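What follows is a single structure, written as structure tokens, with notes after it.
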Amino acid sequence: MKELSIDVKHIATLTGHSGCIYAMDKGFSEKTIFTGGSDRYIALWNLETLQAEKFSAALPAAIYAICHIPEKNILLAGTTTGAIHILDLNKKEEIKILQHHRGPVFDIQYSLKTNCFYTVGGDGNFAVCSLDTLSLLKMKNLSYDKARSIAFNNATSEIAVALGDSNVLIFDLLTLEHKKDFIAHQLGKKFVGANIVRYSPDGKFLLTGGRDAHLNIWSVENYELIKSIPAHNWAIYDIVFSPDATLFATASRDKTVKIWDAKTYQVLKRITKLNFEAHTHSVNKLIWSTYRNYLVSVGDDKMVMIREVNRK
């Protein structure tokens, strides 16, 4: 199998946040992104003008998760206090605060298939809320440890949840029936946290990243481990696929972003301070936009970094 060859060009480093950036989601179009973090502000950036837009929202606590729901024109923000702030983007005002988590909200995802949004937090709870009423429908306690990440597989109608106790749990998307659980990450005999779950766009594989710095590839057919790669030097915090699904990128506490061939799982590019303008601290979140194939990363250094990725 021929390995892909790519070219990565640094486009811009955007500044404006005064604290670590933990959260990011797509904005009003593919040309914009929302970011949020420890400075308690949500900012909107334009990938075309490479400037901040005239939008900001101030919250009472640090922001760990952002979820933009364009179909409802609302923005959800999860904070360190366990609150989920719901902002109406038409009215430009907060319309509701949900407080069903007792620990930080680490991830928020939504599904039009179920007309619900889903949250996980530091209390180990997994919550389901209605997109119509914006209220809690169901809550499950999954772990004595943190619940960190949510992923949907629309091909199989499944939800995967990554837990700080090393487990990944699989549920039926429509019924929430428990289908499978497995230990995803461990160092020797010690179990370590699973930080991120991400299904491949074709729905055939589940990728997980953990505190053991390993990238693990699982077959969705039976959730058996296909490959375990010592991908980084420290914990992996995010995984994102390119718009054409031929590549994916990983972000790590080790300050690096790596770009991989989605078929061979070979590293094609290491983005570090040695060879690029790169992050000086932990890289926390990634977005791969269809706009000019820009790969956007944010981290503890308060920076928003934009790179263009092209096949050679």
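Summary table
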quantity	calculated
Local electrostatic count at F152 - Lys and Arg +1, Asp and Glu -1, tallied over other residues with Cβ under 13 Å	-1
L134 versus R292: modelled label distance in nm, points set 7 Å from Cα along the beta carbon direction	3.4
Nonlocal amide H pairs with V192, under 5 Å, H built at 1.01 Å	H185, Q186, L187
Solvent exposure, largest accessible area first (probe 1.4 Å, DNA, RNA and ligands not counted), of E30, E224	E224, E30
Sparse-neighbourhood loop sites, trypsin sites (Lys or Arg not before Pro) in the range 80-144 - DSSP loop, at most 11 other Cβ within 10 angstrom	K91, K92, K113
Two-decimal Rg to Rh for the range 238-312 - Kirkwood Rh, Cα set	0.93
For the chain: relative contact order, % (alpha-carbon pairs under 8 angstrom, 6 or more apart)	15
Residue-count net charge about N216 - beta-carbon cut-off 13 Å; Lys, Arg +1, Asp, Glu -1	+1
Pairwise centroid distance, computed over Cα atoms, of the range 201-264 with the range 272-305, Å	17
Mean separation of Cα contacts under 8 Å, 6 or more apart, over the residue count of the range 191-312: relative contact order %	15
Pairwise centroid distance, computed over Cα atoms, of the range 45-119 with the range 155-184, Å	24
Amide H contacts of N125 (H built 1.01 Å from N, under 5 Å, at least 5 apart or other chain)	L142, A147
Exposure ranking of E158, E93 by accessible area [1.4 Å probe, largest first]	E93, E158
Charge context of P104, other residues only, Cβ under 13 angstrom, K/R +1, D/E -1	0
Accessible surface ranking that places the most exposed of E48, E308 first, with a 1.4 angstrom probe	E48, E308
Computed magnitude of the charge dipole of the chain (debye, nearest 20; Cβ of K, R +1, Cβ of D, E -1)	520
Exposure of L247 as accessible area (Å², to 10), given a probe of 1.4 Å and all protein chains	10
Nonlocal amide H pairs with T32, under 5 Å, H built at 1.01 Å	G27, L47
Coarse-grained scattering of the range 69-144 at q = 0.12, 0.20, 0.24 Å⁻¹, given as base-10 log I(q)/I(0) from a Debye sum over alpha-carbon atoms	-0.29, -0.81, -1.12
Length gained when the stretch K180-N310 is fully extended (0.36 nm per residue, less Cα-Cα span)	43.0 nm
Contact order relative to length of the range 1-130, as percent, for alpha carbon pairs under 8 angstrom and 6 or more apart	14
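The values are calculated or read from the model by the stated rules, or taken from the named source; none is laboratory data. As the structure is a computational prediction, the values presented were derived from the model and not from experiment. Quick reminder, even Gly has a Cβ in these numbers, built from the backbone with ideal geometry, and neighbours come from all protein chains shown. Please note that ligands, DNA and RNA were not included when accessible areas were found on the heavy atoms of the full protein model with its side chains. Shrake-Rupley method; radii C 1.70, N 1.55, O 1.52, S 1.80 Å.
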